[in-house]
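Report on one structure; see the data block that follows.
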Amino acid sequence: MLKVGAKAPDFSLPDQNGKIHTLKDYAGKKLLLFFYSRDNTPGCTNQVVAYSSLKDQFEEKGICVVGVSKDSVSSHKKFEEKYGLSITLLSDTERAAIEAYDVWKEKKNYGKVSMGVVKTTYVIDENGVIIFSNDKVKAAEDAKRMLEEKF
């Protein structure tokens, strides 16, 4: 996990509509960048749907919300349509941002060890500096908890 105070790594990734997003696109704004494992899994779905439902409240606080997973653009599009999502979902099939943000880790699930995305939430300030990081994310509570944080 990257530390608070570190410069956030740049990224260049397509969203669910194929539009490319970079860190520079969010200059002058706060960016809540959350990394999640996969579209359509129970925990991740709860997390993404919660962020989507609270999008307007985050925007009132001047925070843009963007989710990232290694799912494809088409998977994100289907996910968006299935749940009526309103937030930006970035596709990182090559794991460039996932690795740059240090969220590709060894995970244990029912005794089986594998590599995967560890759910992690970062908040990046207007100047591209990480001002919050959490890799102990409880998917169902993450959006509400982040909305209550003071940035």
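Values as computed for the structure displayed
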{"quantity": "Cβ-Cβ FRET estimate between TYR110 and ARG38, R0 fixed at 25 Å, reported to 0.05", "calculated": "0.90"}
{"quantity": "Prolate/oblate/rounded call for the chain, Cα gyration tensor, a/c under 1.5 rounded", "calculated": "rounded"}
{"quantity": "Mean residue ellipticity (222 nm) of the chain, computed from DSSP H runs ≥ 4 via -39,500 (n - 2.57), nearest 500", "calculated": "-8000 deg cm²/dmol"}
{"quantity": "Qualifying trypsin sites (Lys or Arg not before Pro) in segment 1-50, DSSP loop, other Cβ atoms within 10 Å at most 13", "calculated": "LYS3, LYS19, LYS29"}
{"quantity": "Förster-model FRET efficiency, 22 Å R0, SER12 and SER72, C-beta, rounded to 0.05", "calculated": "0.85"}
{"quantity": "Relative contact order for segment 1-123, counting Cα pairs under 8 Å that sit 6 or more residues apart, in percent", "calculated": "33"}
{"quantity": "Gain on full stretching of the segment that runs from ARG145 to ASN127 - 0.36 nm per residue minus C-alpha separation", "calculated": "4.1 nm"}
{"quantity": "Total formal charge among the other residues, if their Cβ is under 15 angstrom from that of ILE130, Lys/Arg +1 and Asp/Glu -1", "calculated": "-2"}
{"quantity": "Straight-distance crosslink candidates among lysines, where the alpha carbon sits under 20 Å from LYS107 and sequence neighbours closer than 8 are dropped", "calculated": "LYS70, LYS119, LYS136, LYS138"}
{"quantity": "Loop GluC sites (Glu not before Pro), segment 1-95 (other Cβ atoms within 10 Å of the site Cβ: 10 or fewer; DSSP)", "calculated": "GLU94"}
{"quantity": "Separation in nanometres of the label points that stand 7 Å from Cα toward Cβ, at GLU99 and LYS29", "calculated": "2.9"}
{"quantity": "Under 13 Å from LYS29, Cα to Cα: aspartates and glutamates that are on another chain or at least 8 residues apart", "calculated": "GLU59, GLU60, ASP125, GLU126"}
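Values in this text are rule-based calculations from the coordinates and carry no lab data. Since we're looking at a predicted model, the values are computed, not measured. Reconstructed Cβ throughout: ideal geometry from the backbone, glycine too, with neighbour counts over all protein chains shown.
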